[in-house]
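**Student:** Handing you this structure, nothing more for now.
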Amino acid sequence: MTDRLARRDASVLMPHELAAALRDNAHHPWKPPVGGLAAALGHDVIHGLDMTVTLRLGRQVPPHRLRIVLDTVRPSTLRLFRAHLDDVELRATDLEWTYGRGTPVARPAQELLLLAYGRTLPAVPGDE
């Protein structure tokens, strides 16, 4: 959608109008409607991972960003995103982070984040 809108704007606006639109909105006081800045970051991280993990592009979210979003995982998050993780303990293999209690699921933190947000991970190569 972003690409489509950018192309539309570029086709109807002159370069100085595009520059003005960017400049005029650079300091817009917009705030995410729910969850604050961590939720906005989570939105970008999760949807970015939706694409890059599925396509196996090997993208690594920087650990400091992952930690911010991992801190948003709580029972309400699991319910909202229909993540069925009862009796499961998520254990990050690449940084110190765990969530829940039960049967351990050990994977890289960004993959666990996808599980907590209701995504299904692709099979690990070799296990297919």
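The values are calculated or read from the model by the stated rules, or taken from the named source; none is laboratory data. Since the structure is predicted, the reported quantities are computational estimates derived from the model, not experimental observations. All Cβ positions, glycine included, derive from the backbone under ideal geometry; neighbour counts span all protein chains shown. Each accessible area value is taken on the protein alone, full model and side chains, heavy atoms only, with ligands, DNA and RNA left out. Shrake-Rupley method; radii C 1.70, N 1.55, O 1.52, S 1.80 Å.
**Student:** Please go through the stretch 7-40 and give me each residue that is small (Gly, Ala, Ser) and either without any contact (Cβ under 8 Å) to a residue 12 or more places away in the chain or under 30 Å from residue 77 (Cβ atoms) (or both), ordered by number.
**Tutor:** Scanning the stretch 7-40 gives 10, 11, 19, 20, 26, 35, 36, 38, 39, 40.
**Student:** Still on this structure, please answer the following. So, in the stretch 1-59, exactly how many residues are open to solvent by less than 100 Å² (accessible area, probe 1.4 Å), assigned to a helix (DSSP H, G or I) and within 17 Å of residue 113 (Cα to Cα)?
**Tutor:** Count: 14.
**Student:** Let me ask something else. Restricting to the stretch 65-78, and then to whatever is under 13 Å from the mean Cα position of the chain (by Cα), of a type outside the set (A, V, I, L, M) and open to solvent by 40 Å² or more (accessible area, probe 1.4 Å), can you tell me which residue is nearest to residue 94 (Cα to Cα)?
**Tutor:** 67
**Student:** Let me ask something else about it. State whether the residues of the stretch 91-102 include one that is at pLDDT below 90 and in contact with a helix residue (DSSP H, G or I) (Cβ under 8 Å, 6 or more places away or on another chain).
**Tutor:** No, every residue in the stretch 91-102 fails to be at pLDDT below 90 and in contact with a helix residue (DSSP H, G or I) (Cβ under 8 Å, 6 or more places away or on another chain).
**Student:** What about residue 70, is it touching a Leu at 6+ places or on another chain (Cβ under 9 Å) and free of Cβ contacts under 8 Å to residues at least 60 places away in the same chain?
**Tutor:** yes
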